[in-house]
Amino acid sequence: MRTFTHSLAVELRRAAEEAPDRPFIRFPHAEWTFGEVERESAQIAAGLHACGVKRADNVSLLLPNCIEFALAWFALARLGAVAAPVNTSFKGAVLASALNLVQSELLIVHETLLAQLQEVRAELHTIRQIIVVGGDGAAGMPWSALKRPGLPTAPSCEVAFSELALLLYTSGTTGRSKAARISHRFILRQAQGAIDGLGLRADDVLYCPYPMFHLDAAVMTLAPALLLRAVAALGERFSVSRYWDEVRAMQATVFDFMGATLTMLWKQPPSPRDRDHSARLGWGVPLPAWAPQFEARFGCRLVELYGSTEVGVVLYTPLDEPARPGSCGKPLGPWSLRLIDEEGFDVAAGEPGELVVRAEEPSVLMDGYWAMPEATIEVFRNQGFHTGDLLRQDADGWFYFVGRRKDIVRRRGENISAAEVELTLEQHPDVLECAVIGVPSELTEEDVLACVVLRPGCTLTPAALLRWAEDRMARFMVPRYVRVLDALPKTPTDKVEKFRLQQQGCAGAWDREAAAVNQASQAIAGPPQDCLTPTGGGLGAARPWGRSKANS
């Protein structure tokens, strides 16, 4: 077993020496060898060093899936600096908060994302320099300038395995996005875990169409390919209509899925080409009950696992044992796992408990949240990382995911902070306050429901509110359902009782998707779709949208 006492940059250098001409990173229309990635990232490192980037600096990346993302990451690793990639769908206050949190002085942004950056530019406290990928450089230094001739080579930097390589944003329980501090060894050890747990090989092509600012693409795709001297095939974005064509074109042998993406693929009409591909294995979460039918139709095995940004993947379905329906596998790697009750004691076999993960090797869990010591202490209490997720374990050691304690909504592979959606919606002048919850989705996982209290006398339709929200938050964060209430249910200490909102679910709420279908078909019957049907109950009864309490 490799010990991984070196950095990401050292691993890339070794790969370039051993297999300089072997393909490493593949995009739909181009690919780069290990040697090319090593040489180009060295050039970028020299350019970044000339811009003043030094060891331990955080550098924010606002980039879609592109080769520049990978080159910047490896270049920063060479310098001992830290890449802080931001979700490219972030807008407005959420984007400003994410950038301000990590205190970067330099930001690398793609030209296609400049508009949303410019909207918050005046609110950014530490960004002093902007490098633009693409465009004419009018909005900042062009990326090409980092590779201009004559720049001195960046000084050699011996980076310890325990130093930071990434800051990955993750949604918290009650607050805004937090930045998990990820070390070089975390990345390399997780990559080895994926190789062992998924049976990955040097001749594999690992396909991931999800964003590179996520754990899946960066840590679970690029890093395993680096260790294996294999190919990381990265799509620009997930597309259900192009998915299998891209799998074929990239010659993928392994792919990953998240959330509703598997359901979307399954619901496509059967095709004579369903088995016309090289993929042998798909991994992800959750694995639906119809997984065996998917495997039979597409001719590949599906396996479930469990992980999070803070701990990586710690549970894998054993490949040499029959799968157990509903299970996310068994522990694999240098971690010990416990399931505890609310008082911190182990639960009995078969009973649900919060999963707590403890490291058995150095630097294999996150090193805490950036600039959030209280949040770090809270999740690492009693010498273990408290995931906030409820699981149960059977007598044979298999784990089963039950639910989440965290105040997040898991929607189509994205962790959405309820607090961030609430923050944005409450900025609307007609909204007094709101609470956001997750409700079950027909595509598995959840959809977003916003429970809103309007200011007295205000009139606002749900469609108008969500149109307003679309310009201020990521598309995946925009609620599907809206319910208006006279007041939110609260405790004596003025905390919203979200469990009471959960009890009512989405029944009677305005449904954005249903409204869109009705509008398109011009078959709206009964009350206008921009009105909510009163549902009664003790929550502060729902009422037609936009009517003041005095008029309802």
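Laboratory data are not the source of any read-out in this text; all were calculated from the coordinates shown. Remember, it's a predicted structure, so these values are computed and weren't measured experimentally. Virtual Cβ from ideal backbone geometry, glycine too; neighbours counted across all protein chains shown.
Translational diffusion of segment 1-88, estimated by Stokes-Einstein from the Kirkwood radius over alpha carbon pairs at 37 °C in a medium of 0.692 mPa s, is 242 µm² per second. Please report the net charge: other residues with Cβ closer than 11 Å to the Cβ of P64, K and R +1, D and E -1. Taking every Cβ under 11 Å from that of P64, the sum is -2.
Measuring spread by the Cα atoms of the chain yields a radius of gyration and Dmax of 24.0, 76 Å.
The slack in the chain from N518 to R14, taken as 0.36 nm per residue of separation less the alpha-carbon distance, amounts to 175.6 nm. Charge dipole of the chain (Cα centre as origin; +1 on each Lys and Arg Cβ, -1 on each Asp and Glu Cβ, all else neutral): 640 debye, rounded to the nearest 20.
Structural descriptor for segment 320-436: relative contact order 22 percent, calculated from alpha carbon pairs under 8 angstrom and at least 6 residues apart. Across segment 131-284, the fraction of Cα-Cα pairs farther apart than 24 Å, rounded to a whole number, is 50%. Does segment 296-449 come out rounded, prolate or oblate, given a ≥ b ≥ c as the square roots of the eigenvalues of its C-alpha gyration tensor, rounded meaning a/c under 1.5 and, failing that, prolate meaning a/b above b/c? Taking the square roots of the gyration eigenvalues as a ≥ b ≥ c, segment 296-449 is oblate.
Beyond 14 Å, the tail of the calculated P(r) for segment 457-509 holds 64 percent of the Cα pairs.
Along the positive direction of the dipole of segment 211-349 (beta-carbon charges: Lys, Arg +1; Asp, Glu -1; about the Cα centre), which of G284, G312, L265 reaches farthest? Farthest along the dipole direction, towards plus: L265. Over all orientations, segment 119-202 has a Cα convex hull whose mean projected area works out to 10.7 square nanometres. Over the chain, Cα pairs under 8 Å with separation of 6+ residues give a relative contact order of 11 percent.
Report note on the peptides 103-114, 456-467: ranked by the mean count of other C-beta atoms within 10 Å, highest first, their order is 103-114, 456-467.
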